[in-house]
Structure formats: structure tokens, C-alpha cells
Amino acid sequence: MGRSYVITGGAGFIGSNLVHSILEAEADAAVTVLDRLTYAGNRENLASFDGDPRMTFLEGDVCDLSLVREVLSSAEPDVIFHLAAESHVDRSIDGPGAFVRTNVEGTYAMLEATRAFLTERPREGFRFVHVSTDEVFGSLGPTGAFGPASPYAPRSPYAASKAAADHLVRAWLHTFGVPTIVTNCSNNYGPRQYPEKLLPLMILQAVEGKPLPVYGDGGHVRDWLHVDDHCAGLRLVSERGVPGETYLFGGHGERTNLELVRAVCAILDARLPSARPRSGLITFVADRPGHDRRYAIDASQTERALGWRPRIGLDEGLARTVDWYLENRAWSDRIAYRRERLGLGGSTR
Ligand SMILES: NC(=O)c1ccc[n+]([C@@H]2O[C@H](COP(=O)([O-])OP(=O)(O)OC[C@H]3O[C@@H](n4cnc5c(N)ncnc54)[C@H](O)[C@@H]3O)[C@@H](O)[C@H]2O)c1
């Protein structure tokens, strides 16, 4: 019998790619997805496994402790990958409450349910893998990189809620013996990312000849990692990771937002020639409040510990990603996102 996985947030961007990665590689795995199907969750992301007895999809909320307990009792996981979250910084500025609820209370419920599950059925080799972000470490200057010992300094409600969750995850290891592992990853890109995020938004806007809104001066630096490389790393963490350890994933792919958008334009100009270069569509718009200037990851410790390296270079990965969105226009057409500007801090929810 293969391993049993519970994946929360498995209908979202990274979660669905993780489900694909596991079920394509492990013929006898069993995957139970628990996802509330918020605006960011998309059942279609898992459609290729409809009817596959290896996958069970459950629509439900990670904050619902009794539901999570039932899910764990029936799935009997060897591994929990906890990805369910509110994930968009701009939305956390407009409505932070949902972030505290899902990211903090939801993680608490997942940990409590896991603690109860392990009391009933102690399991050799069980792992709770909490998927977090480099944003918990705050903003860097022009040099340096985050490492596993970097201090926490979150600056957005999203980052603060993820940081709080990371602390809970470590506390449940030290206090209750739940074998937890925290991973912190840089910006992911790839197929099936909700089109409010920078890369799919820019691709879709550019294809349609619409303005490409770049925040501030476009000089904000992110370290881009292809989602397939992240998923490969997460699977290695579940196999070789040591409880209590922190694993950082980065792509050796630092770019300013402006460089990234220009690269997307160049790929599209080559794929779909237009009268004028699409970089002419770039429009500088008001910056995000508190916008972190630079993130960078030093993943060398993770690379040594897991034997992991990102395999997909940014140029190749960007071209593949642009091609995916071009070939899957029906996927984005069915998402009712109006591509409006978010995150200017209008409400107090
Ligand atoms: N996208 C990135 O670049 C990145 C980088 C590092 C870490 N992460 C982390 O990885 C995880 C996944 O990110 P993503 O980009 O795939 O996010 P996403 O927004 O695409 O997906 C989140 C998923 O969680 C589900 N969800 C939300 N609230 C829920 C709830 N209360 N109960 C159950 N399900 C719920 C949504 O329906 C959705 O399917 C998040 O925890 C995020 O913090 C993301």
C-alpha cells in the first residue's frame, strides 16, 4: 500500500500542482483534498483525477475542528500537507479578518485535530508539513538573503498571519510532540495560478492588449521558483525532513517585477507577434501600502539536507508558463475575476 496524504487547499494553485505531482509519481498513493473552495479554490484544477479512486475531494473548512478530526480519522494520513490559506497580500490589506481566521485559526484546528489523531493512532514516520512563505521574514535591502535562522519580521497582514501559524506549528511540536515541519518558500509561478497574482495577470492582460499595471517603480525584487520545483521539494520534505526543522525553498531566480513583466512581454511578442512590443502596455500605478522591497532565499541548507535543487530555470519556466496560459484560455475565461485593483486599504473588515 502507498502513502496516504491529506492536502488542505488542494484546489488552489500550489495545492493542485502538488496533487498532480504526487498522483503522477506514486501509483498507489491515496490523496484526500480538504478545500473550502473560496474564490481562489477551483475544482477544475483537479478535474483530471475525477473518477480516480486514489483521490477524494472534500469541500470543507480547515477551521472546522470536528470536520478536520473526521477527515483525519477516515483518511488515516501518513502525511498532512497544510496549504489552505488566504494567500493574496492585497486582499489582506482590504480585509485582514479572513486571513487571521483561516491562516491562524485554521492552522490551530489542523494542529489540534492532528494531535488528537496521533493520540488515537500513533504513527511511525507521520509528518505534518506546514507550507509557509518567505514573507514572514520581512523586507530585505539590496543585498543578503533569508536563511532558516532569519528573524521573523512580517509587515503585511498576510505575512503576519502566516508567521503566527508558523509559531503555532513549532509550538505543537515542542509542547505536544506533533511531528511538524515548516517550509518557507519564495514566490511560485506556473500553471493554475489564480489570475489576481502578478504573473497570470500580466500574461492575460498582455494577450488581450490591455494595460500592464506595475506597482510603484517596478523595482521590487522577488525570487521566482517554478511550482513543480516547489512541489518536488515538499515531497522530499515529507520523505526526508526532520521534525522541528525548517526548510527554505528559493529559485535562484531574483528579478524585479519590471524585469519579469518585460520578460513575459518578450515571450508573448515571439509567440503572438503584434504591431507594437507589448512592453509598451506597461503602466506604473500607485504602490501597495507597506510593499516589501526585496525577498531573497538562501536555500543552501535545504539543498544539502534534501538533495534538492530547482531544475527549471526562470527563462524556461516563464516560457512554459506563458504557453500553459495560452493553451488554457478556457480555464481563465471560466474564472470570474474582474482584474480590479485590490489592496489600497479601503475597508476595515
Ligand atoms: N503562491 C506563492 O507564491 C506562495 C509562496 C510561498 C508559500 N505559499 C503558501 O502556499 C499555500 C498555497 O498558496 P497558493 O498560492 O496555492 O494559494 P491559493 O490562494 O491559490 O490557494 C489557497 C487554497 O486554500 C483554500 N482555502 C482557503 N481558505 C480555506 C479554508 N478556510 N478551509 C479550506 N480551504 C481553504 C482555497 O479554496 C484555495 O483552494 C499558502 O499557504 C501560501 O501561504 C504560497
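The values are calculated or read from the model by the stated rules, or taken from the named source; none is laboratory data. Predicted model, so just to flag it, every value in this text is computed and none were measured. Glycine also receives a Cβ, built like all others from the backbone with ideal geometry; neighbour counts cover every protein chain displayed. Side chains are part of the model used for accessible areas, which takes the heavy atoms of the whole protein and leaves out ligands, DNA and RNA. Shrake-Rupley method; radii C 1.70, N 1.55, O 1.52, S 1.80 Å.
Report the Cα-based extents of region 32-186 along its three principal axes, largest first, to the nearest Å.
Extents along the principal axes: 49, 36, 26 Å.
Among 323, 166, 333, which one shows the biggest mean-square fluctuation in a GNM of the chain, springs joining Cα atoms closer than 10 Å?
Taking springs between Cα atoms under 10 Å, the residue moving most is 333.
Once you have a ≥ b ≥ c as the square roots of the Cα gyration tensor eigenvalues for region 194-349, tell me rounded if a/c is under 1.5, and otherwise prolate or oblate according to whether a/b is larger than b/c. Let's see the in-between values first.
On the way: a/c = 1.89, a/b = 1.50, b/c = 1.26.
Taking the square roots of the gyration eigenvalues as a ≥ b ≥ c, region 194-349 is prolate.
What is the sum of charges around residue 144, taking Lys and Arg as +1, Asp and Glu as -1, for the other residues whose C-beta is under 10 Å from the C-beta of residue 144? Could you put the intermediate results ahead of the total?
Details: positive: 294; negative: 298.
Local net charge: 0.
Nearest 10 degrees is fine. How inclined is helix 157-176 to the longest principal axis of the chain, computing both from alpha carbons?
Helix 157-176 and the main axis of the chain meet at about 20 degrees.
Starting from the alpha-carbon convex hull of the chain, give the projected area averaged over all orientations, in nm². Don't skip to the answer; put the middle values down first.
Details: hull surface 66.6 nm².
Averaged projected hull area, Cα only: 16.6 nm².
Find the all-direction average of the projected area of the Cα convex hull for region 1-52, expressing the result in square nanometres with one decimal place.
Details: hull surface 13.1 nm².
That works out to 3.3 nm², a quarter of the Cα hull's surface.
Once you have a ≥ b ≥ c as the square roots of the Cα gyration tensor eigenvalues for region 1-113, tell me rounded if a/c is under 1.5, and otherwise prolate or oblate according to whether a/b is larger than b/c. Don't skip to the end; give the middle numbers.
Numbers: a/c = 2.30, a/b = 1.45, b/c = 1.59.
Oblate.
By how many degrees, between 0 and 90 and to the nearest 10, does the Cα long axis of helix 13-25 differ from the longest principal axis of the chain?
For helix 13-25, the angle is close to 60 degrees.
How large are Rg and Dmax for region 146-233 when calculated on the C-alpha trace, in angstrom?
Every Cα atom of region 146-233 included, Rg and Dmax give 16.9, 55 Å.
Under 10 Å, Cα contacts only: if you run a Gaussian network model on the chain, which one of 216, 241, 51 comes out with the highest mean-square fluctuation?
Result: 51 has the largest fluctuation of those listed.
Peptides 71-78, 131-138: what's the order by average Cβ count within 10 Å, highest mean first?
Working: 71-78: 18.5, 131-138: 23.8.
Highest-to-lowest ranking by the protection proxy: 131-138, 71-78.
Report the FRET efficiency, 1/(1 + (r/R0)^6), for residue 330 and residue 174, where r is their Cβ-Cβ distance and R0 is 56 Å, rounded to 0.05. Let's see the in-between values first.
Numbers: r = 48 Å, r/R0 = 0.85.
Approximately 0.70, to the nearest 0.05.
Using a 1.4 Å probe and counting only protein heavy atoms, arrange 308, 172 so the residue with the most accessible area comes first.
172, 308
Output the 0 to 90 degree angle, nearest 10, between the alpha-carbon long axis of helix 257-271 and the longest principal axis computed from the alpha carbons of the chain.
Long axis of 257-271 versus the principal axis of the chain: about 70 degrees.
Residue 52 versus residue 305, label points 7 Å from Cα toward the beta carbon: distance in nm?
Inter-label distance under the simple model: 2.9 nm.
When only Cα pairs under 8 Å and 6 or more residues apart are kept, what is the percent relative contact order across the chain? Show your work: numbers first, answer last.
Numbers: 673 pairs, mean separation 66.0, N = 349.
Relative contact order here is 19 percent.
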